[in-house]
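Q: Take this structure, written in structure tokens, and hold onto it; I'll ask about it next.
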Amino acid sequence: MVETADVDQVSHAKIAPVHVLIVAPQGVAGRGGIGRIMSYLVRELEQTSNGFKVSTQQSRYSEAKILKHLTVPFALAIFTLRLIFTKVDVVHINVAPRGSTWRKRLFAIVARGLGKPVVLHLHGSGYNEFFAQCSPAQQKRIQAFFENADAVVALSAYWRNWLVSELCLDSRTVVEIANGVPSPKVPRTPPAVPAEIPVIVFLGLVGHRKGVDVLLEALAQLKAQGVAFEALIGGNGEVEQARDRAAHLGLTSTDVTFLGWVGEEEVARLLQKADIFVLPSRAENQPVSILEAMAHGVPVVSTTVGAIPEQVDHETTGLLVPPGDSDALAEAITRLLNEPALRHDMGEAGRRRFFDFYSVKSYAERFSTLYGRLGRGGRAADRIEASSGS
């Protein structure tokens with residue numbers, strides 16, 4: 001069905017311009033991992049590529065629970081008009097579990113109906129659980145949704161294997177492209193003398209899935225043991241509930257600061273001052289925030305879910321613990337707080353791993369290869385070898 005190619009063997013010769021339309025919840029300006037990773041991709045393509053013209057299309061125009069569904073027909077109408085009246089060679093649709101799947105399915109149907117090659121890009125955690133909870137009829141529609149795409153992008157070997165084994169997709173259409181993030185504008189330089197009060201940073205949607213409750217329980221244990229720390233929690237979501245939970249556990253605003261949503265520049269500022277990055281998720285795909293921490297040379301403490309074990313080399317670039325285990329999380333954090341040299345070594349190893357496998361330059365090159373094949377009337381690569389570092 002498709003031709004085999006390795007991205008390292010693809011010629012870098014100049015190609016005819018390919019017009020790509022990227023569909024994301026709120027374009028590249030939306031809050032959340034999809035918006036951020038797409039903004040990185042678009043920026044890199046605009047800065048380095050002469051062969052592509054990239055534009056974006058929102059799939060909804062509100063984040064309010066009711067309005068976000070009501071704005072989908074409007075977004076779909078605009079999308080249809082753009083495909084009819086402007087030049088679009090490839091449609092890149094970002095998809096996640098639950099409502100995102102059913103919304104993006106409509107965009108894919110329109111694009112395929114108008115003869116446009118479609119790339120489905122799977123994000124979000126728990127797609128396996130979402131699929132298992134669907135009725136047999138819904139599962140058939142989801143399988144057809146993915147089968148009809150010209151290429152399906154998985155972020156890791158874990159999710160590529162799931163797509164092939166559970167959705168029964170042709171392995172030649174499933175392309176593994178790991179997320180990529182930019183290098184820090186200002187390289188992080190750890191202080192010669194460790195800070196008296198080390199800084200622990202969390203970045204993500206505040207709530208149950210990202211394990212904020214587990215983090216707070218672990219921090220309460222550290223405080224009870226007399227361990228000094230300052231925790232900075234960046235992200236929107238269930239912030240007030242988390243703040244109440246922190247107070248119930250005896251954590252004060254001096255111990256934990258809830259920052260709300262933080263943009264790209266604030267993320268960089270936080271990681272510049274971080275001693276440890278913690279993401280105790282219960283479910284994940286391939287978190288962008290971990291890659292951002294690695295890019296800044298910050299050691300990571302996270303969990304053994306999704307593709308995280310492919311990102312974080314346990315005992316080399318960070319420490320991994322079981323999800324939901326506040327005791328193990330507290331122990332891992334304490335270990336790094338007590339061993340500044342280990343923090344430094346793990347941070348440097350993570351930075352090297354980032355440059356080897358997760359740079360935005362490599363990320364954009366791999367999408368350029370895929371776009372180029374589809375946009376020039378060819379077919380997707382059998383498998384673009386996007387290194388997961390394993």
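The numbers here are math on the coordinates, done by the rules we state, and not lab data. This one's a predicted model, so the numbers in the text were calculated from it and none came from an experiment. Glycine gets a Cβ as well: all are built from the backbone with ideal geometry, and neighbour counts include every protein chain shown.
Q: Who wins for biggest fluctuation among F130, F79, F145 in a Gaussian network model of the chain, springs between alpha carbons below 10 Å?
A: F130
Q: Measure off 7 Å from each Cα along the Cα-to-Cβ vector at K273 and Q241, then give the distance between these two points in nanometres to one decimal.
A: 2.9
Q: Hey, another quick one. Taking one equal scatterer on every alpha-carbon of the range 178-266, how large is log10 of I(q)/I(0) by Debye at q = 0.19, 0.24, 0.25 1/Å?
A: Values returned for q = 0.19, 0.24, 0.25 Å⁻¹ are -0.95, -1.22, -1.27.
Q: Given the options V153, I276, N236, identify the residue whose Cα lies farthest towards the positive end of the charge dipole of the chain (+1 on Cβ of Lys, Arg; -1 on Cβ of Asp, Glu).
A: Ranked along the dipole, the leading option is V153.
Q: What FRET efficiency, computed as 1/(1 + (r/R0)^6) with R0 = 35 Å and r the Cβ-Cβ distance, is obtained for A341 and E129, rounded to the nearest 0.05?
A: Efficiency, rounded to the nearest 0.05: 0.30.
Q: Among V206, V288, V227, whose mean-square fluctuation peaks in a Gaussian network model of the chain (Cα, cutoff 10 Å)?
A: V227
Q: Just the ratio, please: alpha-carbon radius of gyration of the chain over 2.2 N^0.38 Å, N its number of residues.
A: Compared with the compact-globule rule of thumb, the chain sits at 1.00.
Q: Right, another one. Taking all pairs of different Cα atoms in the range 199-357, averaging 1/r and flipping that mean, what Kirkwood radius in angstroms comes out?
A: 15.2
Q: Rounding to the nearest 10 and keeping the result within 0 to 90°, find how far the Cα-based axis of helix 264-273 lies from the longest principal axis of the chain.
A: For helix 264-273, the angle is close to 30 degrees.
Q: State the number of lysine pairs found in the chain whose Cα atoms come within less than 25 Å, restricting to pairs 8 or more positions apart or on distinct chains.
A: Counting lysine pairs in the chain gives 23.
Q: How far is helix 157-166 tilted off the main Cα axis of the chain, in degrees rounded to 10, range 0 to 90?
A: Its long axis makes an angle of about 50 degrees.
Q: Starting from the Kirkwood radius over alpha-carbon pairs of the range 75-223, derive D by Stokes-Einstein at 25 °C in a medium of 0.890 mPa s and give it in µm² s⁻¹.
A: In µm²/s, the coefficient is 132.
Q: What ³J(HN,Hα) values, in whole Hz, does the Karplus curve 6.51 cos²θ - 1.76 cosθ + 1.60 give for the range 87-100 when θ = phi - 60°, with x put for Gly and Pro?
A: Per residue, the Karplus-derived 3J(HN,Hα) values read 7, 9, 9, 9, 10, 10, 10, 8, 9, 9, x, 6, x, 4 Hz.
Q: To the nearest 10 degrees, how steep is helix 33-48 against the longest Cα principal axis of the chain, on a 0 to 90 scale?
A: 60
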